[in-house]
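Beneath this line is the structure, given in structure tokens, with notes to follow.
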Amino acid sequence: MTDELIRFDSATFARPGGAVAFAEMSWTLHTGQTWAVVGSVGSGKSTFAEVLLGRFALRGGIAKWPLVQPPAQFPAEVVKLVGFKEESRLFSYRSHYYQERFNFSDPLDDITLGAFLRTGVAADDETVRATADRLGVGSLLEKSFLTLSNGQVRRARIARALLTQPQLLVLDDPFMGLDVAGRTEVEKLLGDLVNSGTRLLLICRPEAVPGWATHVLELDAMAVRWSGKIEDWVRPNNEPRSAAFLRNAAQQHSAPVIELENVTVKYGAVTALENVSWTARTGDRWALLGPNGSGKTTLLSLVCGDHPQAYGNAVRVFGRQRGTGESIWDVKKRLGLVSPELHLYFTLPMTAREAAGTGFYDVVAPRRLTAEQGALVERFFREFHLADVLNEPFARLSTGQQRLVLLVRAMVKSPELLILDEPFQGLDESHRVVVKSWLDANLRPDQTLVFVTHHLDELPACVDRVLELERGRVVGPSPPLGSV
């Protein structure tokens, strides 16, 4: 009896509509193997995951899924993909607006995490709770799914996939958006799943390939660049940044852009921020650091005008206290934002050009652009190596390409305040270098930058100040950058 689980021999796969996705691909998954799939932005990693689910038509060669056994008829019945965002019959961001996630009460038409895990799954409550506990979300079962953090949603989706008892679990970058401790924890958790018999295929950054992977598949330009055992693979060597931040740099006399004074945000008995004070001035370059759940997203939602509790706190942006007559749009027209949470709400059909152009209007729906605006978008696309996807459907782009498009969106109006919340999620090293170099060379002296990351090597060289949060509070004097 063969130990093959999936086999492609010179297989050519076509997208719905006929466009070829992969041509003459050869790859085999054997019993006992755990593959990590790596590659640059647009290399085909997410497309390969869809191929594994049998979503693309075979136009030539051989494609077999021996792991698909009766009564299953299609690969998607036994191969489960946990991708970038939840968008299904259970939950859709199309039904919600961005600011809703910061409301005090849960949305009326939302589902709880518990209901999300139980619906359509043949598992009793004890198994559901045990699986949720195993993934670290057992205490959140009664919480609104919409209000879960980026990292919590990923854990919840992995838990639900496991409850379906898949023959193969495909994880599209489960480390994305997690802090150092979270990445270490999830890597161990997934390793335990593999050791207990779960068949797993991992899509991730090259530097994040875990030691428990047995094989590596490297993709480039929708083709196999390298395939083989992990011990034969040359792992990239990315040196971490080691310079120190200058938290107490010389006092500046430029005007304040962000002023928070003893800000506290609570949801019932849960405190998200506690007595946080912070001033960012014109031209400052800040890193906003802290583990998952430390309060970074809540803080930024106050600054961006999305959080209703800004009205009950001393929050001044561009010298104006919230609630003194300015609208949310008055605030947004002076700032640019990209974040994992905002990314989730780009669900309407639009091209990459149209998605970037929404930044001129601070919306998530396409608007007609002027000739000048269109030319500016096209210039950014050239500078960020995106020119070839300008008129491609945004939904068809890879996660990394989508994030680059939304980076352009944040920058197109040359905002006074630029907030980049984990902007490099899904990007490969070459694109990270391009964007960092652009920021170092092109930010105006009067532009203020706030950069959020869990990877210190992602920070542009111009960043020289740090605000670090932990459990909703500001951490004391900053340690050397390389040790955070």
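The values are calculated or read from the model by the stated rules, or taken from the named source; none is laboratory data. All figures in this text were calculated on a predicted structure; none of them were measured in a lab. Cβ coordinates were reconstructed from backbone atoms using ideal geometry, including for glycine residues, and neighbour counts include every protein chain displayed.
Scanning segment 300-324 for residues that are over 25 Å from the mean Cα position of the chain (by Cα), surrounded by 15 or more Cβ atoms within 10 Å (Cβ to Cβ) and farther than 13 Å from Leu417 by Cβ yields a total of 6. Collect the residues in segment 125-149 that are basic (Lys, Arg), modelled with pLDDT under 90 and either more than 23 Å from the chain's Cα centre (by Cα) or in a loop (DSSP other than H, G, I, E, B) (or both), keeping them in residue-number order. Within segment 125-149, just Lys143 meets the criteria. Looking only at residues in segment 379-415 that are among the basic types (Lys, Arg) and in a helix (DSSP H, G or I), the one that is nearest to Thr358 (Cα to Cα) is Arg409.
Of everything listed in (1) at pLDDT below 90; (2) within 28 Å of Leu456 (Cα to Cα); (3) not in a helix (DSSP H, G or I), the single unmet condition for Leu342 is (3).
Report the residue count in segment 158-183 for those that are assigned to a helix (DSSP H, G or I) and either among the small types (Gly, Ala, Ser) or at pLDDT below 85 (or both).
Filtering segment 158-183 down to residues assigned to a helix (DSSP H, G or I) leaves 158-163, 180-183.
Those left that are additionally either among the small types (Gly, Ala, Ser) or at pLDDT below 85 (or both): 159, 161, 180-183.
Selection size over segment 158-183: 6.
Right, Arg205: modelled with pLDDT under 90, under 17 Å from the mean Cα position of the chain (by Cα) and farther than 22 Å from Pro75 by Cβ or not?
Values: modelled with pLDDT under 90: yes; under 17 Å from the mean Cα position of the chain (by Cα): yes; farther than 22 Å from Pro75 by Cβ: yes.
Yes; evaluated as a whole, the condition is true for this residue.
When residues in segment 68-122 are screened for being in contact with a strand residue (DSSP E or B) (Cβ under 7 Å, 6 or more places away or on another chain), at pLDDT 90 or above and of a type outside the set (A, V, I, L, M, F, W, C), 1 of them pass.
Determine whether Leu376 is touching a strand residue (DSSP E or B) at 6+ places or on another chain (Cβ under 9 Å) and part of a helix (DSSP H, G or I).
Values: touching a strand residue (DSSP E or B) at 6+ places or on another chain (Cβ under 9 Å): no; part of a helix (DSSP H, G or I): yes.
Judged against the criteria, Leu376 is not a match.
Checking each residue in segment 65-81 for being outside any loop (DSSP other than H, G, I, E, B) and either in contact (Cβ under 8 Å) with a residue 24 or more places away in the chain or not charged (D, E, K, R) (or both) picks out Pro75, Ala76, Val79, Lys80, Leu81.
Looking at segment 279-289, can you tell me whether even one residue there is outside any strand (DSSP E or B) and among the aromatic types (Phe, Trp, Tyr)?
Among the residues of segment 279-289, not one is outside any strand (DSSP E or B) and among the aromatic types (Phe, Trp, Tyr), which makes the answer no.
Here is a yes/no grid of residues against (1) assigned to a strand (DSSP E or B); (2) among the charged types (D, E, K, R); (3) in contact (Cβ under 8 Å) with a residue 60 or more places away in the chain; (4) under 21 Å from Pro66 (Cα atoms):
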{"site": "Ser10", "(1), (2), (3), (4)": "yes, no, no, yes"}
{"site": "Gly18", "(1), (2), (3), (4)": "no, no, no, no"}
{"site": "Phe22", "(1), (2), (3), (4)": "yes, no, yes, yes"}
{"site": "Trp27", "(1), (2), (3), (4)": "yes, no, yes, yes"}
{"site": "Gln33", "(1), (2), (3), (4)": "no, no, yes, yes"}
{"site": "Val37", "(1), (2), (3), (4)": "yes, no, yes, yes"}
{"site": "Gly42", "(1), (2), (3), (4)": "no, no, yes, no"}
{"site": "Ser46", "(1), (2), (3), (4)": "no, no, yes, no"}
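Can you pull out every residue in segment 429-447 that is buried (at least 19 other Cβ atoms within 10 Å of the Cβ) and either of a type outside the set (Val, Ile, Thr) or over 23 Å from the mean Cα position of the chain (by Cα) (or both)? Selection gives His431, Arg432, Lys436, Leu439, Gln447.
Could you tell me whether Trp226 is assigned by TED's automatic domain parsing to the domain that holds Glu50, at pLDDT 90 or above and either among the hydroxyl-bearing types (Ser, Thr, Tyr) or assigned to a loop (DSSP other than H, G, I, E, B) (or both)? Spelling it out, it is not the case that Trp226 is assigned by TED's automatic domain parsing to the domain that holds Glu50, at pLDDT 90 or above and either among the hydroxyl-bearing types (Ser, Thr, Tyr) or assigned to a loop (DSSP other than H, G, I, E, B) (or both). The listed residues are His343, His307, and the only one of them that is closer than 18 Å to Arg409 by Cα and in contact with a helix residue (DSSP H, G or I) (Cβ under 7 Å, 6 or more places away or on another chain) turns out to be His343.
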